[in-house]
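The values are calculated or read from the model by the stated rules, or taken from the named source; none is laboratory data. Predicted model, so just to flag it, every value in this text is computed and none were measured. Every residue, glycine among them, receives a Cβ derived from its backbone with ideal geometry; neighbour counts consider all protein chains shown. Just so you know, the surface numbers come from the protein's heavy atoms only, side chains and all, with ligands and any DNA or RNA stripped out. Shrake-Rupley method; radii C 1.70, N 1.55, O 1.52, S 1.80 Å.
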Amino acid sequence: MNFEGYNFRGQTIVITGGAGVLGGEMACALVNAGANVAILDRDPALADRLKDRLDKGSGRAQVVYGDVLKRETLIEAKGIILKEFGAIDGLINAAGGNNPKATTSDGLAFFDLPEDALRFVFDLNIVGTMLPCQVFGQEMAKQKHGVILNISSMNAFRPLTRIPAYSAAKAGVSNFTQWLAVHMAYEYSPEIRVNAIAPGFFMTEQNRFLLTDEKSGELTDRGKTIIAHTPMGRFGNPEDLLGTVFWLLSDQAGFVTGIVVPIDGGFSAFSGV
Ligand SMILES: NC(=O)c1ccc[n+]([C@@H]2O[C@H](COP(=O)([O-])OP(=O)(O)OC[C@H]3O[C@@H](n4cnc5c(N)ncnc54)[C@H](OP(=O)(O)O)[C@@H]3O)[C@@H](O)[C@H]2O)c1
């Protein structure tokens, strides 16, 4: 993909869950566009698979340990990132996801979903977005500029079957995105923008078990239904997110704050008929 209009040279962007599938793709693309990228993950070794791609970029990448549910690790990571790069201009909250134990199935009724699995999903998606916004957003408040990008989901607009905690948590992420956009602009600086993307269906490790049959590799009924409800007729590829991510991070979106952009091949526009 060609992003010639964008140049992030001299800007530092922190990506939580930056070693994951979607965060990792964003990290490589941003380093390629000249940014300094801090890949924050609870298992930094996961970023090894990205090394070759990161080394080729014109920006620099730093892999730093941080758990989005443990504030002290984020504060420590912030110190390391500031020492290396001097400022934090952007934050992408890409750590998040569902958990199979919080997913209803023929063998697991809604009434029996374990409390710890429900809490896990809420904590990871909501608290795991808010804590980095507090720790890294405070830096933006001090310097009076910055941009935050949260990751919501299709199920924030209308809940999907089987994943009640994930749906509610992502609706919370969209709501929090609007809240924080207003708060940052009012209380600190109109030069701090907060937006979210809502990816549609991307075949990644988190949802493979819902979309494909483990043994045959064929699409499940759910997978087929999704494709049938996606006018563009396919799952998304991680690169499909990049144009919107670049736009929202850049000055070209300088008057855009508090929005949630669907990147879904038309899924959210389609009534099914
Ligand atoms: N894939 C999709 O179709 C899709 C659609 C809509 C929205 N999303 C959202 O997009 C985001 C990224 O998804 P993805 O598919 O790229 O998932 P992913 O590959 O699992 O990436 C998430 C990354 O976050 C890390 N992580 C988990 N818990 C953490 C914690 N407490 N502290 C720090 N890092 C932590 C994971 O590490 P571990 O591997 O060790 O857990 C992983 O490296 C998530 O918010 C997801 O909900 C995905």
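If I ask for residues that are at pLDDT below 95, within 21 Å of Phe122 (Cα to Cα) and among the β-branched types (Val, Ile, Thr), which ones from region 162-214 would you list?
Once the filter is applied, which keeps residues that are at pLDDT below 95, within 21 Å of Phe122 (Cα to Cα) and among the β-branched types (Val, Ile, Thr), region 162-214 yields only Thr204.
Taking the residues in region 177-203 that are open to solvent by 20 Å² or more (accessible area, probe 1.4 Å) and under 19 Å from Gly23 (Cβ atoms) as candidates, determine which candidate is farthest from the ligand (Cβ to nearest atom).
The selected residue is Met203.
For region 141-148, check the following and say yes or no: at least one residue is among the polar types (S, T, N, Q), touching a residue at least 40 places away in the same chain (Cβ under 8 Å) and open to solvent by 40 Å² or more (accessible area, probe 1.4 Å).
Taking region 141-148 as the starting set, the residues that turn out to be among the polar types (S, T, N, Q) are 143.
Those left that are additionally touching a residue at least 40 places away in the same chain (Cβ under 8 Å): 143.
With the extra rule that they be open to solvent by 40 Å² or more (accessible area, probe 1.4 Å), the set shrinks to 143.
Scanning region 141-148, I find at least one residue that is among the polar types (S, T, N, Q), touching a residue at least 40 places away in the same chain (Cβ under 8 Å) and open to solvent by 40 Å² or more (accessible area, probe 1.4 Å), so the answer is yes.
Can you tell me which of (1) open to solvent by 80 Å² or more (accessible area, probe 1.4 Å); (2) more than 30 Å from Leu82 (Cα to Cα) is the one Ala168 doesn't meet?
(1)
Considering region 52-83 alone, what residues qualify as being in contact with a helix residue (DSSP H, G or I) (Cβ under 8 Å, 6 or more places away or on another chain), among the hydroxyl-bearing types (Ser, Thr, Tyr) and within 13 Å of the ligand (Cβ to nearest atom)?
The answer is Tyr65, and nothing else.
What do you reckon, is Lys70 among the basic types (Lys, Arg) and at pLDDT 95 or above?
On the way: among the basic types (Lys, Arg): yes; at pLDDT 95 or above: yes.
So Lys70 passes the test.
Looking at Asp116 and the list (1) more than 11 Å from the ligand (Cβ to nearest atom); (2) touching a residue at least 40 places away in the same chain (Cβ under 8 Å), which single condition is not satisfied?
With (1) more than 11 Å from the ligand (Cβ to nearest atom); (2) touching a residue at least 40 places away in the same chain (Cβ under 8 Å) applied to Asp116, the lone miss is (2).
Can you find, within region 1-28, the residue that is surrounded by the fewest Cβ atoms within 10 Å (Cβ to Cβ) among those that are at pLDDT 95 or above and away from the ligand (no atom under 16 Å from the Cβ)?
Arg9
Considering only region 146-164, state which residues are within 12 Å of the ligand (Cβ to nearest atom) and of a type in the set (A, V, I, L, M). Step through it out loud before you land on a result.
Within region 146-164, the subset within 12 Å of the ligand (Cβ to nearest atom) is 149-157, 160, 163.
Within region 146-164, Leu149, Ile151, Met154, Ala156, Leu160, Ile163 qualify.
Do we have Arg60 as without any contact (Cβ under 8 Å) to a residue 60 or more places away in the chain, basic (Lys, Arg), open to solvent by 20 Å² or more (accessible area, probe 1.4 Å) and touching a Leu at 6+ places or on another chain (Cβ under 9 Å) here?
On the way: without any contact (Cβ under 8 Å) to a residue 60 or more places away in the chain: yes; basic (Lys, Arg): yes; open to solvent by 20 Å² or more (accessible area, probe 1.4 Å): yes; touching a Leu at 6+ places or on another chain (Cβ under 9 Å): yes.
So Arg60 passes the test.
Do any residues in region 252-264 that are touching a residue at least 60 places away in the same chain (Cβ under 8 Å) and under 18 Å from Gly146 (Cα atoms) have Cβ atoms under 6 Å from those of residues that are small (Gly, Ala, Ser) and assigned to a loop (DSSP other than H, G, I, E, B), where the two are at least six apart or on different chains, and which pairs are they?
Between residues of region 252-264 that are touching a residue at least 60 places away in the same chain (Cβ under 8 Å) and under 18 Å from Gly146 (Cα atoms) and residues that are small (Gly, Ala, Ser) and assigned to a loop (DSSP other than H, G, I, E, B), the close pairs are Val260/Ser152.
Residue under question is Asn36, and the condition is that it be more than 15 Å from the ligand (Cβ to nearest atom), buried (at least 22 other Cβ atoms within 10 Å of the Cβ) and touching a residue at least 40 places away in the same chain (Cβ under 8 Å); does it hold?
yes
Just checking, does region 125-140 include any residue being farther than 23 Å from Gly79 by Cα and out of contact with any strand residue (DSSP E or B) (no Cβ under 6 Å at 6 or more places or on another chain)? Steps first, please.
Looking only at region 125-140, we keep the residues that are farther than 23 Å from Gly79 by Cα, and these are 125-126.
Still in the running and out of contact with any strand residue (DSSP E or B) (no Cβ under 6 Å at 6 or more places or on another chain): 125-126.
Scanning region 125-140 turns up at least one residue that is farther than 23 Å from Gly79 by Cα and out of contact with any strand residue (DSSP E or B) (no Cβ under 6 Å at 6 or more places or on another chain).
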